[in-house]
Every structure is written in C-alpha cells, then in structure tokens.
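First the structure, in the form of structure tokens, and then the observations on it.
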Amino acid sequence: MTRMTSFSDGTSVPILGQGTWMIGDDPKTRDAEQAALARGIDLGLTLIDTAELYGDGRSERLVGEVIAGRRDEVFLVSKIKPENAGEMTMMLHCEKSLERLGVERLDLYLLHWSSRHPLEEIVAGFEELIDEGMIARWGVSNLDLKTMNRLEAIDGGDLCSANQVLYHLGSRGIEFDLLPWSQERIMPLMAYSPLGRGDILNHPALQAVADRHDATPAQIALAAVLRQEGVIAIPKASTVDHVEANAAALEIELDAEDIAVLDRAFPPPTTSQPLDII
C-alpha cells in the first residue's frame, strides 16, 4: 500500500522513501544495497534521497546504477554541500551530481545545511538551475523555523518545496512549531533517521505497541512518524528484508491507546526547542 503526500505544486510522492546515507561505501555490501533499493522501488518506495556528500559521491553513483532504465519510476532527491552553494559553484556541483546519477534532471535539490553564502544568492542559484532544466524544484535541509522565516521573506524564498530534518520519536521538537508551519504551507518535512539513534528501538513502550500490532519496534517507530500530515520518512535499508519490513510499516494504523503509550514514553514538546541535527 503506497500512501502519498503532495508538494505545494500538486506533485504527489510516497510518504515513505529510501535514504542512502553510508550506502555505496563498502564494495562487499554493494550488491545487497543495490538489491534493497531496487526492491524498494518495486514496493512503491520510489522517492530516493542521496547527496554529493555521501561517500564523496559514491552513494549517487550507486543510486544511478539502480535507477538506470527506471528513471521515470523514481522521484530523485540530492543535496548540495553548503560550501558549494555559491553563485559561481552551484551549477558545476549540480552537473557533477547529475553525471554521477546518470540523469538529466533532479526532481528535488536541497541545500544540505546552513551556508556561509547569503540565502538570496542560494535562492537565485536554485532558480537558475530550474531555468536551465537541471532541477524541477528546490528545498533545504537542517534549517530551523527562524531561518525558514528569513528564507520565506527573501524574493523567491517562498518557492522552497521541502525541508529535510532529523525527526523520530526521540526527537520530536519540530512538532511544536516547525511542523505546523510547514503543514500550513504544504511544504513536506522529510524525516531523516526516522528510526532514531541509539537505544530508542529497545524501549519497552515501543515493544509493547509492536506486540499489539504483531510488528517490530522499528515498524512502530516509522508508523509514529508517518502518521503526521506532510511528513516523508526516508529510512536507509541495506538489505531486501529490511526494505520489505520498512514498507510493511505503511499498513500499521496506530490508535489512541497506542499514541498515549508512545507519548508517555517519548513526550511531545510543550515549548519551542533547538533543531536537532546529526
């Protein structure tokens, strides 16, 4: 079952995609990683997120090999490093990403995190890439609400299509302000590391809810993130079994009792919090 959300331009994408951080680094796991990505596409997880930073381009190359011959099936996202997002360098680095991916255009191109380059310059660079047909739309990553408000005030800044941020049960700060702000603008928040870091998957509350649904704690953690309107989760899956388990999380519907259990274990925010970043 593929569940969808939309960008402000009406383009629909699946709410569960595939992340590729630390994929493509080890030749011994390359075949398994490619098989996992291909299986994910088969299962409808057709949004694939990568970045020039990941493995110094190795992730983009691996993704390019997987989607060769399947480009029309995929919504392709990549990210530019902040230091490369200047007026004189953005187009060159976008071209390199396109070459590694073996495609002519990105569906979404993101600024990986805050840059020393002025936001005005970055927005102008993104819009030039759209004019050149190299990207369809642009967005940002790891920007907090204060910075998003600054971006929106810039000429063309309201054309930002998405913000990719850290979001999981153990890191819910965006639910207080950034998520509602984004929902009002039909600007999807892409949740990276949606299964958390460290030991949250070992929490007894997650296991209890998982037992109720005959699921795994990881599937419940994904379902908890995906129940929020306008959120796209991009977990990494290095094996076919893993991506199939992720896809199965789309079938889970958490009820009020489930949410109460999870909220007691992982309290939602009651005040504004600094944006968590990995």
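Is there a residue in the stretch 176-185 that is acidic (D, E), in contact with a helix residue (DSSP H, G or I) (Cβ under 7 Å, 6 or more places away or on another chain) and in contact (Cβ under 8 Å) with a residue 12 or more places away in the chain? Looking for residues that are acidic (D, E), in contact with a helix residue (DSSP H, G or I) (Cβ under 7 Å, 6 or more places away or on another chain) and in contact (Cβ under 8 Å) with a residue 12 or more places away in the chain, one finds at least one in the stretch 176-185, hence yes.
Hey, among the residues in the stretch 92-118 that are in a helix (DSSP H, G or I) and aliphatic (A, V, I, L, M), which one's farthest from N149 (Cα to Cα)? That would be L101.
In the stretch 8-25, the residues that are at pLDDT 95 or above reach residues that are among the basic types (K, R) with C-beta atoms within less than 6 angstrom, at least six apart or across chains, in these pairs: I15/R3; G19/K236. Residue pairs whose Cβ atoms lie under 7 Å apart, sitting 6 or more positions apart in sequence or on different chains, and linking a residue in the stretch 252-278 that is under 21 Å from P180 (Cα atoms) to a partner that is among the charged types (D, E, K, R) and surrounded by 12 or more Cβ atoms within 10 Å (Cβ to Cβ), are L254/R227; F266/R172; P268/R172; P268/E175; P269/R172; P269/E175; S272/D177; L275/D144. Give the residues of the stretch 223-241 that are buried (at least 22 other Cβ atoms within 10 Å of the Cβ) and either free of Cβ contacts under 8 Å to residues at least 40 places away in the same chain or within 13 Å of D258 (Cβ to Cβ) (or both), sorted by residue number. Answer for the stretch 223-241, where residues must be buried (at least 22 other Cβ atoms within 10 Å of the Cβ) and either free of Cβ contacts under 8 Å to residues at least 40 places away in the same chain or within 13 Å of D258 (Cβ to Cβ) (or both): A223, A224. Counting only strands (runs of 3 or more DSSP E) that sit wholly inside the stretch 119-200, not one has at least 2 residues that are buried (at least 23 other Cβ atoms within 10 Å of the Cβ) and over 20 Å from the mean Cα position of the chain (by Cα). Summed over the stretch 265-278, residues that are surrounded by 12 or more Cβ atoms within 10 Å (Cβ to Cβ) and under 24 Å from M187 (Cβ atoms) total 7.
Would you check which residues across the stretch 242-264 are farther than 27 Å from Q18 by Cα and either surrounded by 12 or more Cβ atoms within 10 Å (Cβ to Cβ) or of a type outside the set (K, R) (or both) and list them?
First, the residues of the stretch 242-264 that are farther than 27 Å from Q18 by Cα: 256-257, 260-261, 264.
A256, E257, A260, V261, listed by residue number.
Scanning the stretch 45-74 for residues that are of a type in the set (D, E) and surrounded by 19 or more Cβ atoms within 10 Å (Cβ to Cβ) turns up D49, E52, E60. The condition of being assigned to a helix (DSSP H, G or I), closer than 30 Å to P27 by Cα and in contact with a Ser or Thr (Cβ under 9 Å, 6 or more places away or on another chain) does not hold for L250.
The values are calculated or read from the model by the stated rules, or taken from the named source; none is laboratory data. All values reported here derive from a predicted model rather than from experimental measurement. Positions of Cβ are generated from backbone atoms using ideal geometry, with glycine treated the same way; all protein chains shown enter the neighbour counts.
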